[in-house]
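Engineer: Just passing along the structure, written as structure tokens.
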Number of protein chains: 2
Amino acid sequence: MQQGLARVSRPRLYEQLVEQLLAYIETAKLGPGDLLPAERDLAERLGVSRATLAQALVALEVLGVIDVQHGTGAVLARRPSVASVIKGLREHQSRLPDIVEARSTLEVKLASLAALRRTDQDLEAIDSALDVMAEEIGSGDRGARGDELFHQAVTTAAHSSVLAQLMAFIAEMILETRMESLGQPGRPEQSLASHRKIAEAIRKQDADAAAEAMLAHIELVSDVALLK
Amino acid sequence: MQQGLARVSRPRLYEQLVEQLLAYIETAKLGPGDLLPAERDLAERLGVSRATLAQALVALEVLGVIDVQHGTGAVLARRPSVASVIKGLREHQSRLPDIVEARSTLEVKLASLAALRRTDQDLEAIDSALDVMAEEIGSGDRGARGDELFHQAVTTAAHSSVLAQLMAFIAEMILETRMESLGQPGRPEQSLASHRKIAEAIRKQDADAAAEAMLAHIELVSDVALLK
DNA sequence: ACTGTCTAAGAGGCTAGTCCAGTGAGCCAG
DNA sequence: CTGGCTCACTGGACTAGCCTCTTAGACAGT
């Protein structure tokens, strides 16, 4: 399944430079507002061309670590910003219990909001996701695609952009949990049933029931992962 | 307050290129796995040098939109990924109600977890944050620093790395809300009182009370913002 | 003394040209 | 049919140079 082997690592100079610069900032105890050495200077010290260094600086800028100002230099952003967050997420690949915890927090809230705010159109999307899932399971599949569609539909139905963005943020991590759970025999059917319960609560616009059903669902889906 | 005027915008070619490339991907209906045109080709079409285009590609890579492979080309990532999330957050600067909603969801959960998992050291940090806040308010200040310290301390006490990362993710947005609220006359004192209530619940390790107190606090703090 | 103007040094922005290093399709011999 | 070779094509990186922006300091003029 998936896509076979991951391509062997492809080393890129600018990536190493990002690491080195981050380390430099750390050891040199540079704080917000401080300036990095000049490009020509840095390039020489690191033994790379200015063009390559420029790429590393772009990367740091996108990551929110620095703010490059024409004529002045590269100044450190006031906060570590989103940068460290993303880096932390990517590197640590946080432990599963924490992921489940975050997922549960967000999705329970999302489910109750969906119950309150859903439109008929949202409901259609939810139902069609259930159909897809039922069909997948019927043909012996694990129903992963329907599962993903369902949770997306519920998220959409909650009409809360920031919560939706947070969900997208941890979506990749959740995916791992989901794949493992659906691989268990009998699980897809159980999962489909609990999805139906959530959908019903949302249909009736019963926020508490929706929250409860979602909580139960996530606990069902997560216990396997937790045992590992 | 803050830092006076924001520096006038500094146009950067690579930023424009990122926009154009994103638009191109959109209009050309390129999907995951598809290849972008070759660098030399793109550079010519866009009227820039390859070095500059390379910067734009680095930016897109950091954003998770593409995956540049030596000898093959720039292939679109399987998912829109975190990229669109960040972009969305930065650009739309989501509406306040949504922010408050997300904040409330996370912090209420964080408060109850903190009640269950706090160590004595966590409690000390929370208390000292309250001291800082009281002192600030005593000297006529708004107590913003103490406020921030308090919420950070509670987040730490919850010992949930993923939730903490999500909080960091929306921290900037929350800051705006906080500043406005504390600017109201009488608010700092009210805010301090509700902080104390949260701290007490955490001290007694009463999760429900902590959640309730946090919810009340956020509602108090947010109503002004919502009126705007 | 104060204030406004000018200038030059130094910072980043961008380009053009060149060479190096993977990738993969296609050809050809075994 | 398989293995190995080649070659065209793709990105990776560097160099050299010129442009624009920022800022501190000199130098007026008041």
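Engineer: Hey, among the residues in the stretch B:46-73 that are more than 10 Å from chain A (Cβ to nearest Cβ) and within 12 Å of DNA strand C (Cβ to nearest atom), which one's nearest to A:SER49 (Cα to Cα)?
Structural biologist: Filtering first and then ranking leaves B:LEU53.
Engineer: Test B:ASP127 against the criterion of being assigned by TED's automatic domain parsing to the domain that holds B:LYS204, more than 19 Å from B:ALA164 (Cα to Cα), touching a residue at least 40 places away in the same chain (Cβ under 8 Å) and surrounded by fewer than 22 Cβ atoms within 10 Å (Cβ to Cβ), and give yes or no.
Structural biologist: Yes; evaluated as a whole, the condition is true for this residue.
Engineer: Sticking with this structure for a sec: When the stretch A:104-122 is examined, which residues are found to be more than 20 Å from the chain's Cα centre (by Cα) and closer than 29 Å to B:LEU163 by Cα?
Structural biologist: A:SER112, A:LEU113, A:ALA114, A:ALA115, A:LEU116, A:ARG117, A:ARG118, A:ASP122
Engineer: Quick check on my filter: what residues within the stretch B:147-173 are of a type in the set (Gly, Ala, Ser) and modelled with pLDDT of 85 or more?
Structural biologist: Across the stretch B:147-173, the qualifying residues are B:ALA153, B:ALA157, B:ALA158, B:SER160, B:ALA164.
Engineer: Out of (1) at pLDDT 80 or above; (2) open to solvent by 30 Å² or more (accessible area, probe 1.4 Å), what's the single condition that is false for A:PRO185?
Structural biologist: (1)
Engineer: OK, next. Every residue in the stretch A:135-146 that is surrounded by 17 or more Cβ atoms within 10 Å (Cβ to Cβ) and either in contact (Cβ under 8 Å) with a residue 60 or more places away in the chain or in a helix (DSSP H, G or I) (or both), please.
Structural biologist: Selection gives A:GLU136, A:ILE137, A:ALA144, A:GLY146.
Engineer: On the given criteria, is B:LEU35 away from chain A (no Cβ under 12 Å), more than 23 Å from the chain's Cα centre (by Cα), more than 9 Å from DNA strand D (Cβ to nearest atom) and at pLDDT 80 or above?
Structural biologist: So B:LEU35 does not fit the description; no.
Engineer: How many residues does the stretch B:28-77 hold that are more than 19 Å from B:PRO11 (Cβ to Cβ), open to solvent by 40 Å² or more (accessible area, probe 1.4 Å) and assigned to a helix (DSSP H, G or I)?
Structural biologist: 6
Engineer: Output yes when any residue across the stretch A:77-87 is modelled with pLDDT of 85 or more, more than 23 Å from A:ALA164 (Cβ to Cβ) and not assigned by TED's automatic domain parsing to the domain that holds A:MET167, and no when none is.
Structural biologist: no
Engineer: Quick check, is B:LEU5 part of a loop (DSSP other than H, G, I, E, B), at pLDDT below 90, within 16 Å of DNA strand D (Cβ to nearest atom) and hydrophobic (A, V, I, L, M, F, W, C)?
Structural biologist: Judged against the criteria, B:LEU5 is a match.
Engineer: Give the residues of the stretch B:100-120 that are more than 14 Å from chain A (Cβ to nearest Cβ) and in contact with a helix residue (DSSP H, G or I) (Cβ under 9 Å, 6 or more places away or on another chain), sorted by residue number.
Structural biologist: B:ALA115, B:ARG118, B:THR119
The values are calculated or read from the model by the stated rules, or taken from the named source; none is laboratory data. What you see is a predicted model; the values in this text were computed from it and never measured. Neighbour counts are summed over all protein chains in view; Cβ atoms, including those assigned to glycine, are modelled from backbone coordinates with ideal geometry. Quick note on the areas: whole protein, heavy atoms, side chains included, nothing else; ligands and nucleic acids left out. Shrake-Rupley method; radii C 1.70, N 1.55, O 1.52, S 1.80 Å.
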